[in-house]
Amino acid sequence: MTVRNSHWVALFSQLFVLSASVVLFMIPIYLLWSHITYEQNHLSNYKPHVVALILARGGSKGIPRKNLAVIQNTTLLRRSLDTINDCGLFHDVWVSTDDKEIAAEAELAGAKVFHRSAETASDEATSLSAVKEFSMYHQKVDIFAIIQCTSPFMTAEYLTRAYKMAVNQKFESVFSVTRTHKLRWKLDSEGQLQPSNFDVTKRPRRQDWDGEYVENGMFYFTYKNLIVNNKLQGGKLGVVVIPINRSLEIDTQFDLQAARLLAPLLDKPKNLTNRTNEMIKKS
């Protein structure tokens, strides 16, 4: 009887050891599976950190203090910030500037101010260098929406379209363009005129040709990996086509006067009402 009991005790012990070994073997597998599942769920639910960034230096040459030029009682900078705020999709709204007045105007509209260095605010500096400087201090940003306040007729609808393309459809670079149907010519190496985008023996009619996309400078949505690699555009590319009447980019005094004439026709009454109310409160 004692021998039989010993046999069962030994068998039970072996089974216990075997079960414990299986459990100990399965625990790390379960933990690894749980971690992988969590990471997959986290990635599938992850929403990129997208910021709106306006580059607005104080030393513009063509039109002095251009970013503070006024259209319909509103500065160019404030018009853009109001549109960005109407869009309401960005984690943060920033203005990168070296100018105190521009910084004050930005803060008045609720934007955050990044104090741009003299080096990236010089006449020779590129927009890309200014964005790279900003990115160095904001490592959490995944997508930069670089918006130019010299495009006074931008709308929240255009920004929303670009945002969804970048965030939902994973376009790595989305920028604004205008469709044109212009026949272009260029000089060859011998100084002779040559057609650039058409065959002179088969001049296209407007209705038979889709035309071409031309950047209008309104905005550029760009993934961080492109900025880090010194690119403003690249990877999977997408565009938002802006109607010609809203594609005006202010570079000269003529552009500014044209914008002032167009504004009463293109501005939404809501924007005008909001600005009028603000002016009444200030007075």
- Item | Enumeration of residues in the range 208-221 that are open to solvent by 60 Å² or more (accessible area, probe 1.4 Å) and either of a type in the set (Gly, Ala, Ser) or farther than 20 Å from Leu53 by Cβ (or both) | Asp208, Asp210, Tyr213, Val214
- Among Lys202, Lys224, Lys236, the single one that is loosely packed, with under 14 Cβ neighbours inside 10 Å, among the charged types (D, E, K, R) and in contact (Cβ under 8 Å) with a residue 60 or more places away in the chain is Lys236
- Out of Phe198, Phe171, which single residue is closer than 22 Å to Lys132 by Cα and not in a helix (DSSP H, G or I)? Phe171
- For the range 163-195, which residues satisfy the criterion of being surrounded by fewer than 17 Cβ atoms within 10 Å (Cβ to Cβ) and closer than 19 Å to Ile227 by Cα? Lys170
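Per-residue answers, yes or no, for (1) under 14 Å from the mean Cα position of the chain (by Cα); (2) β-branched (Val, Ile, Thr); (3) over 17 Å from Val95 (Cα atoms):
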site	(1), (2), (3)
Leu128	yes, no, no
Asp142	yes, no, yes
Pro152	no, no, no
Val174	yes, yes, yes
Asp199	no, no, yes
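For residues that are assigned to a helix (DSSP H, G or I) and open to solvent by less than 30 Å² (accessible area, probe 1.4 Å), tally how many sit in the range 80-104. Please lay out each step first, then the result.
We begin by selecting, within the range 80-104, every residue assigned to a helix (DSSP H, G or I); these are 80-87, 100-104.
Imposing the further condition that a residue be open to solvent by less than 30 Å² (accessible area, probe 1.4 Å) reduces the set to 80-81, 83-84, 87, 102-103.
Count: 7.
Residue-by-condition table, conditions (1) open to solvent by 20 Å² or more (accessible area, probe 1.4 Å); (2) part of a loop (DSSP other than H, G, I, E, B):
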site: Ser117; (1), (2): yes, yes
site: Ala125; (1), (2): yes, yes
site: Phe153; (1), (2): no, yes
site: Arg161; (1), (2): yes, no
- Given (1) out of contact with any Asp or Glu (no Cβ under 6 Å at 6 or more places or on another chain); (2) without any contact (Cβ under 8 Å) to a residue 24 or more places away in the chain, where does Gln194 come up short, assuming only one miss? (1)
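The values are calculated or read from the model by the stated rules, or taken from the named source; none is laboratory data. Just so it is clear, the model here is predicted, and its values are computed rather than measured. Heads up, the Cβs are rebuilt from the backbone with ideal geometry, glycines too, and the neighbour counts pull from every protein chain shown. Remember, those area values only see protein heavy atoms, side chains included, never the ligands or the DNA or RNA. Shrake-Rupley method; radii C 1.70, N 1.55, O 1.52, S 1.80 Å.
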